[in-house]
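The values are calculated or read from the model by the stated rules, or taken from the named source; none is laboratory data. Keep in mind that this is a model prediction, so the values were computed, not measured. Neighbour counts run over all protein chains shown; Cβ positions are idealised from the backbone, glycine included. Heads up: the accessible areas ignore ligands, DNA and RNA and are worked out on the full protein's heavy atoms, side chains in. Shrake-Rupley method; radii C 1.70, N 1.55, O 1.52, S 1.80 Å.
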Amino acid sequence: MAALSGQRIAIVGLGASGRAAARLALRHGGEVRVSDDGDTPALRAHARELEAMGARVRLGGHDSARIAASRLVVASPGIPPGAPVLSSLSAAGKRWVSEPEFAFRFFRSSLIAVTGTNGKTTTSALAARMLEAAGVSVGLGGNIGGGLGPPASELALRDPAPEWLVVEMSSYQLGAVSRFRPKIGVVTNLAPDHLDRYPSRAAYYADKARLFANARADSRWVLESAVPAALPLDDEVPGARYLFDAEESAGQRSGGPDGELAAYARDGWLMFASEGGEERVMPVADVALAGRAGLANTMAAGLAGRVAGAGTEAIARAARDFRPLPHRLERVVERDGVLWVNDSKATNVAAAAGAVRSFDRPIVLLAGGQDKGEDLAPFAHAIRGRVRRVIVYGDARFRLEEALAGAASLVRVDTDFDAAVHAAERWARPGDILLLSPACASFDQFADYEARGHRFAALARGEA
């Protein structure tokens with residue numbers, strides 16, 4: 001296998017995806033050069049490993065001229081386009097690709113690609129589980145992280161190749177694709193995010209829309225019913241659309257204008273419809289993922305699985321048995337009649353608003369952390385009439401207090417996260433949900449959202 005024989009491949013960034021891309025390029029005969037701004041003991045260990053395989057590695061900086069002279073440049077999604085190394089490449093007229101784009105060129109499996117603002121990790125993992133339940137060999141990876149799956153290039157190295165790959169794609173990764181074309185593309189939902197990196201909402205959406213860049217007539221798109229209006233996706237994009245809607249509806253739903261399969265909820269059932277008619281999949285109450293957001297993710301995964309060939313029995317079994325991922329509407333404990341729910345992964349307004357809408361029980365809400373500068377009006381609209389009391393904390397507490405005060409009774413905590421959790425516990429009553437859904441980043445008090453979620457769960461269980 002020498003598809004890259006003699007070609008110089010530059011890998012920018014020595015993180016997990018960069019190392020995977022380097023191994024893939026070496027496997028296919030490329031002349032691989034890797035560079036990273038950092039120079040730590042861990043990076044030096046990774047460098048030695050790749051050098052033993054034949055790569056050349058530079059730490060502590062990048063040689064932009066040498067990178068620009070490479071046949072192909074693969075850039076880590078963690079490096080913003082405005083970083084000096086990428087700015088210099090742009091100035092030289094040199095384009096780069098993302099690691100999944102590079103891996104796609106060596107995939108031998110059918111591909112499901114999942115993107116969206118929220119829920120893409122859960123949807124990816126559940127779609128893979130549904131295919132496994134149907135007896136299909138599947139590989140799960142991409143942007144999924146958290147130990148759930150490897151980078152896309154690791155999937156490309158698997159031998160034998162599985163029948164299907166399910167790859168989660170971030171907007172950063174999609175923004176640097178050129179040939180990437182999934183057989184089934186999934187958009188879980190779309191709302192403004194990452195505006196600290198993107199100059200506008202339109203720029204963020206444009207990167208998401210790169211999912212459709214190479215659409216063909218045989219492409220299949222799984223979309224939330226509200227998404228097409230937000231995406232720059234018009235009727236000229238080829239392929240069939242399969243829409244899902246997690247809002248309960250008593251009416252008959254069609255399979256779409258062209259008879260495509262659709263998913264929706266009616267009379268307490270998760271339903272599929274196609275030109276052949278309606279089919280009950282499972283009771284909504286049996287879906288393992290909590291709330292309407294969880295139901296939407298289940299529908300998206302179920303449609304992807306169904307289009308890929310999984311039967312409704314396997315889809316229902318996987319949806320019933322699926323264990324929710326940590327920090328994503330995770331039911332931690334029910335204590336003294338109060339259900340504690342950890343949604344620390346909700347680091348933007350759309351995710352937190354969706355979490356609030358997911359429950360019918362009264363909510364005591366914990367919101368706060370590091371402000372991402374988003375418009376908070378949709379958050380205020382979501383909590384009005386649903387949240388009994390909101391506890392705001394962290395760096396964003398003053399702006400949250402101003403934006404949310406008219407929507408629910410509010411308590412501002414000026415000390416630390418633990419104090420905010422204890423305040424929420426004091427206000428919670430039997431029958432309430434005590435929900436951590438911060439709508440903010442975690443970096444004011446924690447290393448990441450996972451550390452914040454672990455601390456919340458420990459306090460919920462009375463372990464700290």
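General observations
- Globularity index of the range 329-416 is 1.02 (Cα radius of gyration / 2.2 N^0.38 Å, N = number of residues).
- Dipole moment magnitude, nearest 20 debye, the range 109-210 about Cα centre, only Lys, Arg, Asp, Glu C-beta charged: 300
- Karplus-derived 3J(HN,Hα), 6.51/-1.76/1.60, for each residue of the range 107-115, Hz, glycine and proline x: 5, 10, 10, 5, 10, 10, 10, 10, 9
- Positive dipole terminus of the range 37-117, leading residue within Trp96, Ala83, Gly116 (C-beta point charges): Trp96
- For the range 106-174, the fraction of alpha-carbon pairs in successive 5 Å shells from zero, as %: 4, 19, 31, 26, 15, 4, 0
- Dimensions in Å of the range 72-155 - Rg and Dmax from alpha carbons: 15.4, 50
- When the Cα positions of Ala405, Phe446, Gly385 are compared along the charge dipole of the range 348-446, Gly385 comes out farthest toward the positive end, with charges on each C-beta of Lys, Arg, Asp and Glu.
- Formal net charge of residues neighbouring Ala213 (Cβ-Cβ distance under 12 Å; K, R +1; D, E -1): +3
- Solvent-accessible surface of the chain, taken per residue with a 1.4 Å probe and all protein chains present: 41 Å².
- Between the residues Gly61, Ala226, Val187, the greatest Cα displacement towards the positive end of the dipole of the chain, with unit charges on the Cβ of Lys, Arg, Asp and Glu, is found for Gly61.
- In terms of packing, defined here as the mean over residues of other Cβ atoms within 10 angstrom, the peptides 412-424, 54-66 line up highest first as 412-424, 54-66.
- Nonpolar atom fraction for the range 331-384, defined as the carbon and sulfur part of the 1.4 Å probe accessible area, stands at 48 percent.
- Placing +1 on each Lys and Arg Cβ and -1 on each Asp and Glu Cβ, with no other charges, gives the chain a dipole about its Cα centre of roughly 900 debye.
- Share of pairwise Cα separations in the chain, more than 36 Å, in percent: 32
- Each peptide in 72-80, 44-52 receives the mean, over its residues, of other Cβ atoms within 10 Å, and ordering these scores from highest gives 72-80, 44-52.
- Once backbone amide H atoms are built at 1.01 Å from N, Asn143 has Glu168, Met169, Ser170 as its partners under 5 Å, excluding neighbours fewer than 5 places away on the same chain.
- Here the peptides 9-15, 452-458 are ranked by packing, the mean other Cβ count within 10 Å, and the order with the highest first is 9-15, 452-458.
- Working note: Debye formula, equal point scatterers on the alpha-carbon atoms of the range 312-464, no solvent; log10 I(q)/I(0) at q = 0.11, 0.14 Å⁻¹ is -0.38, -0.60.
- Computed over protein heavy atoms with a 1.4 Å probe, the carbon and sulfur contribution to the accessible area of the range 267-329 reaches 43%.
- Amide H partners (placed H, <5 Å) of Val57, local residues excluded: Val34
- Separation of the range 82-110 from the range 15-48 is 15 Å, based on Cα centroids.
- Computed label-point distance, nm, for sites Asn214 and Glu334 using a 7 Å Cα→Cβ extension: 4.9
- Cβ-based net charge around Arg66, under 13 Å, with every Lys or Arg adding one and every Asp or Glu removing one: +4
- Around the amide H of Ile79, modelled in the peptide plane, lies no amide H under 5 Å away from a residue 5 or more places distant or on another chain.
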